[in-house]
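What follows is a single structure, written as structure tokens, with notes after it.
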Amino acid sequence: MHYRLLMIDHDDTAVDSTAVVHYPAHLEALRVLRPHLPRPSIEEWWIANFEPGIMEHLVHDLGMNDAELTREFEIWRSFTTSRVSPFFPGFREVLADFRTQGGLVAVISHSERENILRDYRQPGGPAFEPDAVFGWDHDPGRRKPDPWPVREALARLGAEAGEALVVDDLRPGVLMARAAGVAVVGAGWAHRVPRIRDWMRGNCLAYYDSVEEFGAFLRG
């Protein structure tokens with residue numbers, strides 16, 4: 001294999017979570033904290049996550065203070081802990097096949113570690129658990145787009161930057177990989193938002209429209 005370590009995003013790369021969890025949670029947070037604002041479409045929510053990013057959007061675009069951010073986080077957690085997002089068909093199979101070839105898998109995500117592991121333990125595919133998980137951290141220096149999770153994964157799992165590949169569906173993951181000197185490919189199977197897809201195609205080593213295409217890339 002050309003790559004020995006995959007560093008994969010979770011939401012909308014491994015699991016189909018925006019439609020099931022994160023977008024409904026955001027609508028509920030707006031209902032509670034910003035009832036006067038019009039509700040964004042799911043495409044508008046995708047774009048806000050892409051640029052400027054979730055925290056920047058909440059703080060700078062919506063003007064949330066610390067108390068409101070705490071309440072927003074509570075609402076978000078009520079959704080993430082009560083709803084389980086399905087894996088994209090074939091994704092766990094791709095990871096399991098990669099592992100049988102001697103590959104390592106780390107998850108780098110803005111979701112919480114315990115929810116990521118819960119998702120991987122759900123039935124419906126081959127049993128698989130990542131070799132390392134880096135979830136949401138309240139320290140911004142330890143979460144995307146900061147390169148810390150990539151560097152920590154390399155150190156923990158004994159891999160060199162040239163042996164690793166980041167797989168992500170949004171801009172923060174690309175910026176993180178670039179800052180760490182690691183190649184990155186785009187996961188394009190969760191949405192069809194032109195602005196995001198165009199940027200990802202122009203800034204990734206490759207951009208895959210389906211899990212099947214990504215799996216073929218790894219095997220090839």
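The values are calculated or read from the model by the stated rules, or taken from the named source; none is laboratory data. In this text, all values refer to a predicted model and were calculated from it rather than measured experimentally. Backbone-built Cβ (ideal geometry, glycine too); neighbour counts: all protein chains shown.
If you go through the range 159-183 and keep only what is part of a strand (DSSP E or B) and under 23 Å from E43 (Cβ atoms), you end up with V167, D168. Could you tell me whether the range 79-86 includes any residue that is in contact with a Gly (Cβ under 8 Å, 6 or more places away or on another chain) and either surrounded by fewer than 20 Cβ atoms within 10 Å (Cβ to Cβ) or not assigned by TED's automatic domain parsing to the domain that holds V107 (or both)? Checked against the condition, which is being in contact with a Gly (Cβ under 8 Å, 6 or more places away or on another chain) and either surrounded by fewer than 20 Cβ atoms within 10 Å (Cβ to Cβ) or not assigned by TED's automatic domain parsing to the domain that holds V107 (or both), the range 79-86 yields at least one hit. How many residues does the range 93-131 contain that are of a type in the set (G, A, S) and under 12 Å from D9 (Cα atoms)? The number of residues fulfilling the criteria is 3. In the set (1) touching a residue at least 40 places away in the same chain (Cβ under 8 Å); (2) farther than 18 Å from H22 by Cα; (3) not hydroxyl-bearing (S, T, Y), Q122 fails one condition alone, (1). When the residues of the range 115-131 are filtered to those that are surrounded by 14 or more Cβ atoms within 10 Å (Cβ to Cβ) and assigned to a loop (DSSP other than H, G, I, E, B), the one that is nearest to the chain's Cα centre (by Cα) is P130. When the residues of the range 26-51 are filtered to those that are within 25 Å of P194 (Cβ to Cβ) and among the small types (G, A, S), the one that is surrounded by the fewest Cβ atoms within 10 Å (Cβ to Cβ) is S41.
Looking only at helices (runs of 4 or more DSSP H) that lie completely in the range 1-114, which have at least 1 residues being within 28 Å of V182 (Cβ to Cβ) and touching a residue at least 60 places away in the same chain (Cβ under 8 Å)?
Values: elements: 23-33, 42-50, 66-80, 91-100.
Ranges flagged: 42-50, 91-100.
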